[in-house]
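The values are calculated or read from the model by the stated rules, or taken from the named source; none is laboratory data. Every value quoted in this text rests on a predicted model; they were computed, and no experiment measured them. Here the Cβ positions follow ideal geometry from the backbone for every residue, glycine too, while neighbour counts run over all protein chains shown.
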Amino acid sequence: MNNGNGAGGEEALSSASTADVRLAIRGVSKAFLGVQALNRVSFDVGAGEVLALIGENGAGKSTIIKILAGAQGPDEGAVLIDGRGVNLSSPAEAERHGIATVYQEMSLFPDLSVAENLTFDGQKGSAIIHWRQARQEATRLLADLGLSFDVTQRVRNLSVAEKQMVEIAKALRQNARILILDEPTAVLGGDDVDKLLALVKDLKRRGVSVIFVSHRLDEVFGLADKYVVLRDGVVTGTGNIAETSHDELVSLMVGRQWVRPERASGREAGAPILTVSHLSRAGVLHDISFEVRAGEVLGIAGLRGAGRTEVARAIFGADPITSGEVVVSGEERPPSSPIAAIRSGIGLVPEERKSAGLFTNLSTMANIPIVKTMKNRRAWVSPRHDRGTALKYKETLRIKVADVAAPVASLSGGNQQKVVLAKWLEAGVRVLILDEPTRGIDIGAKQEIYQQINKLCAAGIAVIVISSELPEVLSLSDRILVMHGGAIQAELDGPTATEERIMYHAVGGARS
Amino acid sequence: MTLKSQPTTSAAALTVGPTPLSRLTRNLVPLGVGVILVVAVAVLVPNFFQLSNILNVGRQAAIVGVIAIGVTFVILTAGIDLSVGAILAVSGVTMALLINSGTPAPLAILAALFAGLAIGTINGLGAAFLHIQPFIMTLATMVAVQGLSLRLTSGGPIQFSNDDAIFMVMGKSQILGLPSPFVIFVFVSILGILALRYLAFGRSLYAIGGSFEAARLSGVPTRRTLVIAYGISGVCAALAGVMTASRLGTGDPVAGSLSNLDAITAVVIGGTSLLGGRGGAVGTVFGALLLAVLSNIMNLVGISPFDQQIVKGVVIIAAVLITGDNLRQILKRRTVS
């Protein structure tokens with residue numbers, strides 16, 4: 001850290017002389033478990049400037065934010081404020097340097113009042129809470145943002161937009177000069193978005209520097225002065241918003257032309273197995289209709305929050321739906337519960353592997369047969385038979401497990417995912433939905449999962465793959481649905497789709 | 001031996017293992033502690049090994065043990081049952097009142113067991129369908145059922161004639177030279193161990209305790225399983241109530257006031273995690289025996305009942321540290337930093 005400061009201090013002299021740069025990031029790198037999340041990232045934010053930080057999921061935006069918020073330290077590189085190197089070793093340090101962060105997941109206490117939330121640690125050093133003073137202080141903070149609402153009400157009862165305003169008021173409490181907003185509009189509806197954007201513009205006029213993370217490019221064009229595009233931890237483009245275009249930003253986000261790997265050729269889809277009609281869930285999914293055929297892979301792409309996982313869960317009966325119909329091979333079935341979905345032949349490999357995909361407290365041999373046991377309403381389990389089953393899948397899926405009786409918590413991510421896959425293979429499925437099937441697993445295991453998906457297809461199973469990794473969606477899918485805002489934005493033909501076209505639709509399509 | 005086996009045991013404790021070996025290692029810690037205790041006692045308290053005393057230990061372990069086996073089912077789902085002591089009392093009272101009103105003994109016993117089943121089922125319905133936290137739900141039934149017992153008896157114990165053969169079997173006689181409550185405990189333990197091991201229901205308990213969401217997405221009938229688990233806990237507590245009342249010839253509305261805590265203690269000492277999904281009935285058997293041995297030794301040595309409670313408290317903490325991951329993690333952190 002100290003080296004960083006020294007080196008940064010010298011460098012500051014040269015860069016700070018050019019303009020009134022408030023925040024400068026110089027050559028920041030960060031690796032997690034050998035994965036390079038950020039690689040020598042540098043950019044500036046001027047006083048009263050709005051910088052749009054954009055990139056695909058996993059491009060490194062969150063890591064930058066965490067470093068600026070003092071939640072994580074960089075491996076190398078320096079952060080400069082007003083030309084001076086700063087050591088953001090803790091959130092308190094970051095706050096002291098005038099950096100305020102509003103995360104996507106709200107950090108308010110829902111059962112405390114607005115006033116309590118706004119002054120929670122503002123009264124440090126005093127053992128007694130001065131209620132009247134706290135209320136006045138809170139009212140003043142809100143008034144500063146042009147807001148007026150009852151500060152004695154519980155945060156739980158506020159609308160999402162109001163909560164966010166409180167969050168911003170809280171962030172600005174310490175006279176923050178740099179405000180970081182992490183996808184602030186992702187959870188807001190139309191009017192609220194406008195209010196928020198107006199607020200940001202007002203802050204900008206008051207000289208606050210804003211780093212604005214967003215997936216919605218139309219907002220970026222309406223609000224930002226400058227942009228920084230990250231891809232795989234590297235800055236792929238930066239400049240003035242006025243001098244770029246929607247298409248250029250998309251191609252900077254996606255970067256390389258993806259070279260398609262050899263795909264299983266001559267794959268022919270059979271009869272429709274799963275038909276989803278007009279599936280809706282209030283506020284989450286809007287009129288989703290599609291079908292998947294036997295022996296076909298349907299990819300579902302979209303940015304985080306676009307509703308991909310929600311579609312999978314709705315089909316599987318894991319979440320309630322408002323209206324719509326799910327038909328498996330001609331048998332109409334209300335998607336009422338996971339067990340009903342399982343009995344009709346649907347399987348789900350969920351996104352949250354460890355908490356929803358398998359039982360980390362149980363062994364490989366206890367995990368694999370569990371769906372089949374429940375599906376067939378079996379009363380008994382046979383440890384000896386389970387062991388045989390586990391050894392069979394250990395062989396065919398090449399699960400690297402020393403002892404099938406040991407808890408799966410000790411397996412690597414890739415091997416855990418194979419156990420999840422084995423659960424469904426053992427139960428027998430006609431439709432298998434895989435949600436982020438290769439997230440966080442190594443390349444070797446990835447390839448094996450891909451092979452299994454192709455095998456399932458060859459066996460006439462309808463497969464749905466949801467993935468944030470566009471190359472993965474492109475190389476696996478026969479057809480691709482692109483989701484945006486809880487609706488299907490486009491359907492693309494797999495073999496001819498490109499990352500650019502997917503991203504174009506994923507960020508909201510032709511609106512710009 | 002105990003120390004050496006520590007890391008492997010905590011790891012193996014997570015397993016629903018098939019091999020006798022893993023079953024053995026899973027219970028090595030309580031077993032090891034028990035062995036050490038017994039050897040120490042053999043030297044220090046020679047009276048302990050008299051047959052009459054050993055049988056007495058078995059009898060003492062039986063009541064808490066039967067309750068604890070039932071509570072194990074609930075704790076495996078990451079739940080808790082605080083109402084077992086109250087159920088013990090109300091089932092004894094129910095039986096006493098029915099006997100005195102001329103009901104045949106077998107019917108009275110069945111009615112008492114049914115009362116336990118009903119209360120347990122109410123616990124399960126509240127936890128599974130109304131999403132009331134098990135702690136609160138069973139606390140509420142505990143209070144209400146205690147009140148019910150007092151109301152039924154107007155606050156005093158109900159004497160009844162326990163000369164019927166079935167009461168002898170339930171509480172007073174010996175079977176094959178062993179105290180009958182101990183034989184019942186053995187029988188219930190075997191049923192519990194087999195159910196957790198060989199029934200899909202047992203597997204479901206571990207699944208729910210491991211991850212409720214994963215269980216739901218794997219097609220486990222989560223609600224039904226929870227209701228049955230609490231029902232079993234209720235029936236076991238009621239059986240313990242029948243055993244207690246049969247032995248004493250009394251339905252006491254304040255019997256078993258500490259049984260819920262003793263039962264939970266036995267489960268925890270036996271290595272079943274309060275977080276759910278880990279442990280099992282074998283550990284609970286050892287836990288119950290360990291508690292009984294400890295009380296017995298302290299009685300023999302002449303430690304006052306007050307001091308005995310203090311020792312018990314210390315033993316609980318020691319047992320949890322040895323069987324759980326806490327100690328290992330703290331030690332690991334130490335060595336790292």
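Points to keep in mind about this one:
- Matching residues, the stretch A:423-437, being hydrophobic (A, V, I, L, M, F, W, C) and in contact (Cβ under 8 Å) with a residue 40 or more places away in the chain: A:TRP424, A:ALA427, A:VAL429, A:VAL431, A:LEU432, A:ILE433, A:LEU434
- Candidates B:LEU239, B:LEU217, filtered to the one that is under 13 Å from the mean Cα position of the chain (by Cα) and farther than 28 Å from B:VAL39 by Cα: B:LEU239
- Among the candidates A:ALA169, A:ALA176, residue that is at pLDDT below 90 and in contact with a strand residue (DSSP E or B) (Cβ under 7 Å, 6 or more places away or on another chain): A:ALA176
Here's the yes/no breakdown for (1) assigned to a loop (DSSP other than H, G, I, E, B); (2) touching a Phe, Trp or Tyr at 6+ places or on another chain (Cβ under 8 Å); (3) buried (at least 18 other Cβ atoms within 10 Å of the Cβ):
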| position | (1), (2), (3) |
| --- | --- |
| A:ILE464 | no, no, yes |
| A:PRO471 | no, yes, no |
| A:LEU474 | no, yes, yes |
| A:VAL482 | no, no, yes |
| A:ILE488 | no, yes, yes |
| A:GLU491 | no, yes, no |
| A:PRO495 | no, no, no |
| A:GLU500 | no, no, no |
| A:MET503 | no, no, yes |
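- Test result for B:GLY241, surrounded by 24 or more Cβ atoms within 10 Å (Cβ to Cβ) and either under 19 Å from B:LEU196 (Cα atoms) or modelled with pLDDT under 95 (or both): no
- Set B:VAL320, B:VAL336, B:VAL315: member being β-branched (Val, Ile, Thr), in contact with a Leu (Cβ under 7 Å, 6 or more places away or on another chain) and modelled with pLDDT under 85: B:VAL315
- Just so you know, in the stretch A:12-30 the residues that are of a type outside the set (A, V, I, L, M, F, W, C) and part of a loop (DSSP other than H, G, I, E, B) include one that is modelled with the highest pLDDT, and it is A:ASP20.
- Members of the stretch B:209-221 found to be within 7 Å of chain A (Cβ to nearest Cβ) and among the hydrophobic types (A, V, I, L, M, F, W, C), listed by number: B:ALA214, B:LEU217, B:VAL220
- Of all residues making up the stretch A:168-218, the number that are among the β-branched types (Val, Ile, Thr) and over 15 Å from A:THR101 (Cβ atoms): 3
- Residues considered: B:ALA118, B:ALA128, B:ALA140. Of these, the only one that is part of a helix (DSSP H, G or I), under 15 Å from B:TYR230 (Cβ atoms) and free of Cβ contacts under 8 Å to residues at least 40 places away in the same chain is B:ALA140.
- Restricting the stretch A:208-234 to residues that are part of a loop (DSSP other than H, G, I, E, B) and modelled with pLDDT of 90 or more, the residue that is surrounded by the fewest Cβ atoms within 10 Å (Cβ to Cβ): A:ASP225
- In the set B:PRO7, B:PRO46, only one residue is within 14 Å of chain A (Cβ to nearest Cβ) and modelled with pLDDT under 90; that residue is B:PRO7.
- The set of residues from the stretch A:430-462 being modelled with pLDDT of 85 or more, of a type in the set (Gly, Ala, Ser) and outside any strand (DSSP E or B) comprises A:ALA458, A:ALA459, A:GLY460.
- Residue tally, condition under 20 Å from B:ARG278 (Cα atoms) and buried (at least 24 other Cβ atoms within 10 Å of the Cβ), over the stretch A:406-419: 4
- Filter result (more than 7 Å from every other protein chain (Cβ to nearest Cβ) and within 16 Å of A:ALA356 (Cα to Cα)) within the stretch B:188-208: B:SER204, B:LEU205, B:ILE208
- Of the criteria (1) within 22 Å of B:THR94 (Cα to Cα); (2) not in a helix (DSSP H, G or I), which one B:SER149 fails: (2)
- Taking the conditions (1) within 14 Å of chain A (Cβ to nearest Cβ); (2) surrounded by fewer than 24 Cβ atoms within 10 Å (Cβ to Cβ) in turn, B:PRO179 satisfies each one other than (1).
- The conditions of being more than 12 Å from chain B (Cβ to nearest Cβ) and not aromatic (Phe, Trp, Tyr) are not met by A:VAL419.
- Within the stretch B:223-237, the set of residues being closer than 18 Å to B:ILE132 by Cα and either in contact with a Ser or Thr (Cβ under 8 Å, 6 or more places away or on another chain) or among the basic types (Lys, Arg) (or both) comprises B:ARG223, B:ARG224, B:THR225, B:LEU226, B:VAL227, B:ALA229, B:TYR230, B:GLY231, B:GLY234.
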